[in-house]
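Notes follow the structure.
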Amino acid sequence: MSIQRHNENGKIIAKKFTIEQIEEADDQDAGYCIACGAWRDCCEPDARKYTCDECGLPHVYGAQELVIMGRVVDEC
Ligand SMILES: [Zn+2]
């Protein structure tokens with residue numbers, strides 16, 4: 001996945017993840033980068049601002065932290 005930026009202010013648009021993706025990460029002590037969407041191993045559930053191996057930005061969060069932050073896709 002690539003990083004999406006806001007057209008006007010250049011800010012990174014944070015990715016959202018499905019509840020299945022988040023549960024899988026939670027099971028495996030992993031997290032996701034909200035900038036590029038990359039999976040990251042060895043991430044505590046409450047990890048915050050870890051550096052992403054893919055894009056190099058400090059936007060990796062643990063599974064539970066993603067839920068708290070509301071980075072979950074609404075599905076119906
Ligand atoms: Zn990244």
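Read-outs: derived from the displayed coordinates by stated rules, not from any lab. Every value quoted in this text rests on a predicted model; they were computed, and no experiment measured them. Cβ coordinates were reconstructed from backbone atoms using ideal geometry, including for glycine residues, and neighbour counts include every protein chain displayed.
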Note to self: Please list, ordered by chain and number, the residues whose modelled amide H lies under 5 Å from the amide H of residue 72; skip anything fewer than 5 residues away on the same chain.
What the structure shows: 17
Note to self: For the chain, compute Rg over Rh where Rg is the Cα radius of gyration and Rh is the Kirkwood radius from the inverse mean 1/r over Cα pairs.
What the structure shows: 0.97
Margin query: Please list 3J(HN,Hα) in residue order for segment 38-48, calculated via the Karplus relation 6.51 cos²θ - 1.76 cosθ + 1.60 where θ = phi - 60°; whole Hz, with x for glycine and proline.
Written below: 6, 6, 9, 6, 6, 9, 4, x, 9, 5, 9
Item checked: segment 19-68, relative contact order [Cα under 8 Å, separation at least 6], % -> 37
Next item on the list: Calculate the dipole size of the chain relative to its Cα centre from +1 charges on Lys and Arg beta carbons and -1 charges on Asp and Glu beta carbons; express the result in debye to the nearest 20.
Entry: 580
Next item on the list: Taking the Cβ of residue 17 as the centre, find all other residues whose Cβ is under 12 Å away and add up their charges (Lys, Arg: +1; Asp, Glu: -1).
Entry: -4
